[in-house]
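For reference, the structure discussed in these notes is given below.
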Amino acid sequence: MIKGKHITVFLLVAVALSLLLAFSAGEFRLPGNDQGYEPPQPIAFSHRLHAGELEVPCLYCHSGARKSRNAGIPPAQLCMNCHKSVQAPFAQVRAEAAAAEKEKRKPGKIVSPELRKLYTALGLDDSLSKDPSVTPAPVAWRRVHNLPDFVYFDHRPHTGAGVACQACHGPVEAMERVRQHSTLTMGWCLDCHRGTPAAAAPGGGHSHVTTDCSRCHY
Ligand code: HEC
Ligand code: HEC
Ligand code: HEC
Ligand code: HEC
Ligand code: HEC
């Protein structure tokens, strides 16, 4: 029902906009995009720390960008490859070790409150044993980028052609919290596909990439 209505509206607008496009030659943009959108996340996960300082490759966590339409958000289990052993920032662990030595006692266990949320998501307690009182539930990450349903976007051809993540997502490795860097408008897609200077970015401009309506719209 809803789908059928969508298509009718889409076709009507499509006809109008193809006329508009013919005149405005790619300058066109719809108002009200979400550029700059930066929702708070349930765990204060930092790309600046992980992808920047620690230099964990984007594809280690977003392997989908090579294999499927969606880049994907890693499951909590993947975080545990490191956070089984790293339970708090190194500086805090070192400070506690030094204090304990001075006071001639055993260092206390430090668990970061942010990482405790990760453990809770997996139904684990601070010593990483199953906690029967906690039901595991996936971390409810909030989506940052979101194209309308009538647009088809696939990461694969882009990753395959060597377009850098940053060409579209900006300097994520410098972001404490991810924000939408680009407009994600149709003009933005087309600028790069046409290889205009507006697309100048690490990925560069590309000519002769599709501008065929049906490749991006159902
Ligand atoms: C250690 C794992 C990890 C690494 C490495 C990593 N990411 Fe992420 N990424 C995440 C998680 C978890 C989220 C969801 C939470 C958030 O938005 O911060 C995410 C979210 C994102 C989003 C927003 C998705 C949305 O909701 O629209 C983008 C874009 C992104 N990452 C790009 C990158 C890029 C580019 C790199 C490399 C420079 C990278 N990531 C490295 C784990 C990682
Ligand atoms: C050509 C532009 C472009 C490139 C290159 C690109 N992305 Fe994206 N990415 C997008 C768009 C557009 C969306 C929103 C898709 C949607 O809403 O359907 C998105 C969504 C995402 C998301 C959240 C939704 C999902 O697909 O799971 C993540 C995470 C992400 N990108 C990570 C990456 C990473 C990591 C790389 C590099 C390996 C990368 N992207 C390369 C344009 C790009
Ligand atoms: C390659 C190893 C690695 C992976 C994978 C990894 N982390 Fe980390 N993470 C670290 C290290 C190391 C630190 C501590 C750095 C420091 O000393 O401050 C850290 C710190 C953090 C912190 C900050 C804790 C605090 O209190 O300051 C959070 C939150 C976090 N990670 C969440 C995640 C999440 C969520 C994932 C999975 C999406 C993840 N990490 C994947 C290595 C990793
Ligand atoms: C930074 C440059 C850049 C941006 C921005 C960009 N693309 Fe692309 N796109 C490319 C390149 C390069 C290719 C690969 C062409 C090839 O393999 O020959 C491609 C390929 C594609 C393909 C496959 C075309 C085919 O014929 O198989 C589709 C579909 C597509 N892009 C859709 C989009 C959509 C939708 C957006 C905007 C949300 C977008 N692209 C934004 C550079 C870009
Ligand atoms: C490279 C990918 C790409 C190509 C090719 C493309 N579009 Fe789009 N189109 C998009 C994206 C992305 C949006 C969403 C823009 C936004 O949300 O601001 C969009 C939005 C639209 C809308 C706006 C609907 C609305 O009301 O929000 C119409 C209509 C449309 N496109 C028609 C066309 C027509 C007609 C063609 C062929 C001349 C075409 N598109 C070619 C990517 C593309």
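Odds and ends about this structure:
- When region 121-176 is limited to residues that are crowded, with 18+ Cβ neighbours inside 10 Å and more than 14 Å from the chain's Cα centre (by Cα), the one that is farthest from SER46 (Cα to Cα) turns out to be HIS158.
- Scanning region 117-125 for residues that are among the hydrophobic types (A, V, I, L, M, F, W, C), touching a His at 6+ places or on another chain (Cβ under 8 Å) and closer than 15 Å to CYS79 by Cα turns up at least one hit.
- Inspection of region 152-159 identifies at least one residue that is on the phi < 0 side of the Ramachandran plot, in contact with a strand residue (DSSP E or B) (Cβ under 9 Å, 6 or more places away or on another chain) and more than 12 Å from ligand 1 (Cβ to nearest atom).
- Cross-chain or 6+ apart pairs with Cβ under 6 Å, region 79-91 first and under 21 Å from LEU59 (Cβ atoms), then part of a helix (DSSP H, G or I): CYS79/LEU118; HIS83/LEU115
- THR135 being hydroxyl-bearing (Ser, Thr, Tyr), at negative phi, without any contact (Cβ under 8 Å) to a residue 24 or more places away in the chain and part of a loop (DSSP other than H, G, I, E, B): yes
- Residues (surrounded by 15 or more Cβ atoms within 10 Å (Cβ to Cβ) and not hydrophobic (A, V, I, L, M, F, W, C)) located in region 105-116: PRO107, SER112, ARG116
Values quoted throughout were computed directly from the atomic coordinates according to the rules given, and no laboratory measurement underlies them. Because the structure is a prediction, the values reported are computed rather than measured. Neighbour counts run over all protein chains shown; Cβ positions are idealised from the backbone, glycine included.
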